[in-house]
Each structure stands twice: as C-alpha cells, then as structure tokens.
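Report on one structure; see the data block that follows.
The values are calculated or read from the model by the stated rules, or taken from the named source; none is laboratory data. None of the values given here were measured: they were computed from a predicted structure. Glycine also receives a Cβ, built like all others from the backbone with ideal geometry; neighbour counts cover every protein chain displayed.
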Amino acid sequence: MAKSGMLSDGLRKGITLFNRGQFFEAHEVLEDLWRAAAPADKKFLQGLTQLAVAFHHHSTGNLVGCRSVMARALRNLSAYPEGMFNMLTDEIVDAVAPCQSALEEHRRMPALPKLKIHR
C-alpha cells in the first residue's frame, strides 16, 4: 500500500476512535502517524494526537493535563490555517472551543467534539 494510503487509512481509524470517545486508542493510532510523517505534516498530526491525549486526560479526571495539552494541540493545529488531510482547522477549533472554554471557566464539559474528514 502506498504511504499516502496508509496515512489516509490510519487517519480515518484514529478519527473514528476519537469520535467514539476511545481517546487512548485514538492517541495510539495518531501518534504512529505523527512519528512517521513528513516534516511538513508533523505539527498537524501532532496536534490531532494531542487532542486525543487531552480528552483522555479529561476521561481520567486530569483536568490540569487536559487544559495544558489541549492548548498545545490547538497551537499546533493553528499552524495550518487551511487544515490538512481533508480536515479543516477552523472546524476542529470550533468543535473543541466549547470544551476549552468550559475547562478554563471550571464548568462541566459540554458534549465532546466530533472531528470530520471531508471526502
């Protein structure tokens, strides 16, 4: 399988796990993609991996870790204003923003975000 096909399949799998709330598993899949990525793609994939880590921290009650990793994730993703891999940075940021606000304001987390890969 071509490298881009493996990336696409892996990304789809990681995002599916993320959207199911399986954040640890999503992190594992996305981390493998990030580590093997071309230099120009690394920060975007690192940002997605960090989002999975942030929400995993939330699921274990580590709110400080969640806030910290989420902020780093959004910084990394913001380095790609147009997005990558058929994912739109604005959509990701908009999906995560209510959660980030809730964490910063010490409120209950709203519905967890869903990430989308456009065809």
Worksheet item: Could you say which residue among THR16, THR49 is surrounded by fewer than 21 Cβ atoms within 10 Å (Cβ to Cβ) and under 15 Å from PRO113 (Cα atoms)?
Response: THR16
Practice prompt. Among residues belonging to the range 84-102 that are touching a residue at least 12 places away in the same chain (Cβ under 8 Å) and touching a Gly at 6+ places or on another chain (Cβ under 8 Å), point out the one that is surrounded by the fewest Cβ atoms within 10 Å (Cβ to Cβ).
Written response: GLU91
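If a residue must be of a type outside the set (A, V, I, L, M) and closer than 20 Å to TRP34 by Cβ, how many such residues does the range 60-106 contain? It would help to see each step written out before you state the result.
Here is the first cut: in the range 60-106, the ones of a type outside the set (A, V, I, L, M) are 60-62, 65-68, 72, 75-76, 78, 80-83, 85-86, 89-91, 94, 98-101, 104-106.
Checking which are closer than 20 Å to TRP34 by Cβ leaves us with 65-66, 68, 72, 75-76, 78, 80-83, 85-86, 89, 91.
Of the residues in that region, 15 qualify.
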Item to complete: Given the conditions (1) at pLDDT 95 or above; (2) out of contact with any Lys or Arg (no Cβ under 7 Å at 6 or more places or on another chain); (3) not aliphatic (A, V, I, L, M), report the number of the one that GLN50 does not fulfil.
Response: (2)
Response to the item:
Residue hits (the range 5-32; at pLDDT below 95 and among the hydrophobic types (A, V, I, L, M, F, W, C)) are MET6, LEU7
Discussion item. Test of understanding: among PRO39, PRO81, which residue is free of Cβ contacts under 8 Å to residues at least 24 places away in the same chain and over 20 Å from HIS118 (Cα atoms)?
Written reply: PRO39
Item to complete: Determine whether LEU115 is touching a helix residue (DSSP H, G or I) at 6+ places or on another chain (Cβ under 8 Å), in a helix (DSSP H, G or I) and crowded, with 18+ Cβ neighbours inside 10 Å.
Response: no
